[in-house]
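Undergrad: I am attaching a structure below and will ask some questions about it afterwards.
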Amino acid sequence: MKLIGIGALIMCSLATGGCGGGDPTDSSTGGQPDAVYPNGPTRQFYIPGGDNGYQLYGHEGTPAERRQASEVVERWTRARAAKKWAQDCSYLSRTYKHSLVKKDAFVVTNGRVKTCPAALRYFGPQASGTVGYNMAGPVASLRVGEGTAYAQYHGRGGTDWIVPMEREGGEWKVALSAPLPR
């Protein structure tokens, strides 16, 4: 299953009321709190009146799913920071690696780049970002849909991060070559 694109998440958020209009007690809502204000761990990433597509996606994963996703994201971010591209690729989903190698790198290099580590090396910061290891703690929220999820964690320096993930063989894999800032 493919991950929902950012545009689709925005549309989903708008359709479900997730993008509200400012203050959750805004007079345009009759002074009532935003009806989609989530419970659980995702609540700490929710921005009233903001784009909350990731925070409202699917349902909150179980503590066991969060722990497994957290372990994968932590190892992956360490591999990225150390530029250990083969190790980095071991945490990426098959679907994402195929897209990165066969659709992006292969085309741009006229077929010279044929592996995931070579693609990450070739694209450098454009693929893996410039952010080193940035986790300030474990994955705090995992929003799960059918075979996909969005891991959310607090980063160093006060920035929150989101990592798209896909389920493969009962385990979570990273579905993008760099985390997304919240």
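To keep it simple, each residue is scored yes or no on (1) surrounded by 15 or more Cβ atoms within 10 Å (Cβ to Cβ); (2) outside the structural domain of Q68 (by TED's automatic domain parsing); (3) in contact (Cβ under 8 Å) with a residue 60 or more places away in the chain; (4) farther than 16 Å from R75 by Cβ.
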{"position": "A140", "(1), (2), (3), (4)": "yes, no, yes, yes"}
{"position": "V144", "(1), (2), (3), (4)": "yes, no, yes, yes"}
{"position": "A151", "(1), (2), (3), (4)": "yes, no, yes, no"}
{"position": "W161", "(1), (2), (3), (4)": "yes, no, no, no"}
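Undergrad: Do we find that L120 is in a helix (DSSP H, G or I), touching a residue at least 60 places away in the same chain (Cβ under 8 Å), of a type in the set (A, V, I, L, M) and more than 20 Å from E146 (Cβ to Cβ) in this structure?
TA: no
Undergrad: Given the structure, is K83 in the same structural domain as A140 (by TED's automatic domain parsing), assigned to a helix (DSSP H, G or I), among the charged types (D, E, K, R) and closer than 12 Å to L120 by Cα?
TA: No; evaluated as a whole, the condition is false for this residue.
Undergrad: Tally the residues that are among the hydrophobic types (A, V, I, L, M, F, W, C), in contact with a Ser or Thr (Cβ under 7 Å, 6 or more places away or on another chain) and in a loop (DSSP other than H, G, I, E, B), restricting the search to segment 134-163.
TA: Counting residues in segment 134-163 that are among the hydrophobic types (A, V, I, L, M, F, W, C), in contact with a Ser or Thr (Cβ under 7 Å, 6 or more places away or on another chain) and in a loop (DSSP other than H, G, I, E, B) gives 1.
Undergrad: Here are some conditions: (1) more than 23 Å from P38 (Cα to Cα); (2) out of contact with any strand residue (DSSP E or B) (no Cβ under 9 Å at 6 or more places or on another chain). S93 meets all but one. Which one does it not meet?
TA: (2)
Undergrad: Would you mind telling me which numbered condition in (1) in a strand (DSSP E or B); (2) among the acidic types (D, E); (3) surrounded by fewer than 16 Cβ atoms within 10 Å (Cβ to Cβ) E166 fails?
TA: Here E166 clears every test but (3).
The values are calculated or read from the model by the stated rules, or taken from the named source; none is laboratory data. Predicted model only: the values in this text are computed from it and were never measured. Positions of Cβ are backbone-derived with ideal geometry, glycine not excepted, and every protein chain shown enters the neighbour counts.
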